[in-house]
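See structure below.
Read-outs: derived from the displayed coordinates by stated rules, not from any lab. Note that this is a predicted model, so its numbers are computed, not measured. No Cβ is skipped: glycine too gets one built from the backbone with ideal geometry, and neighbour counts run over all protein chains shown.
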Amino acid sequence: MTHRQPLPADLFDELCPSSLVPFRVGDKWAALVIRCLEDGPRRFSELRVPLRRVTPKVLTQSLRGLERAGLVSRTAHADPKLGVHYALTPLGRSMLEPLEAAYAWAAEHWDELLDARERYEAPAVGRN
């Protein structure tokens, strides 16, 4: 396996364009997992760094759902030192371009999306 840069802990800030994309692939975290795997296979512990807000149980469920959908492959190596790696399948890689377009759209409409969220979550005066 080739050496890749570690995933940065702040890859997905609490409010980032990825979190404002108005549609989901799979579950809430699936698109973020796909993005984490775009540069090559990763161990579960590597995925936990930028996805620190996701519990291990939920991350496992997300990975299983992506595997079931044919977007991610799981490889358990015979050598325990190598552990288990997750990687995008060709089908999963085909999601990168549409997801990038969705991220770009969310970034372009960042202020509007945040304003809409704030308006929705603000206590409604006189609303019953």
Where a ≥ b ≥ c are the square roots of the eigenvalues of the C-alpha gyration tensor, would you call the range 63-123 rounded, which needs a/c under 1.5, or, failing that, prolate if a/b is larger than b/c, or oblate? prolate
Taking the number of other C-beta atoms within 10 Å as the exposure measure, put Trp29, Trp105 in order starting with the fewest. Trp105, Trp29
Its Cα gyration tensor gives the range 17-121 an equivalent ellipsoid whose semi-axes in whole Å, largest first, are 28, 15, 11
Surrounding charge for Val72, neighbours by C-beta under 11 angstrom, Lys/Arg +1, Asp/Glu -1, total +4
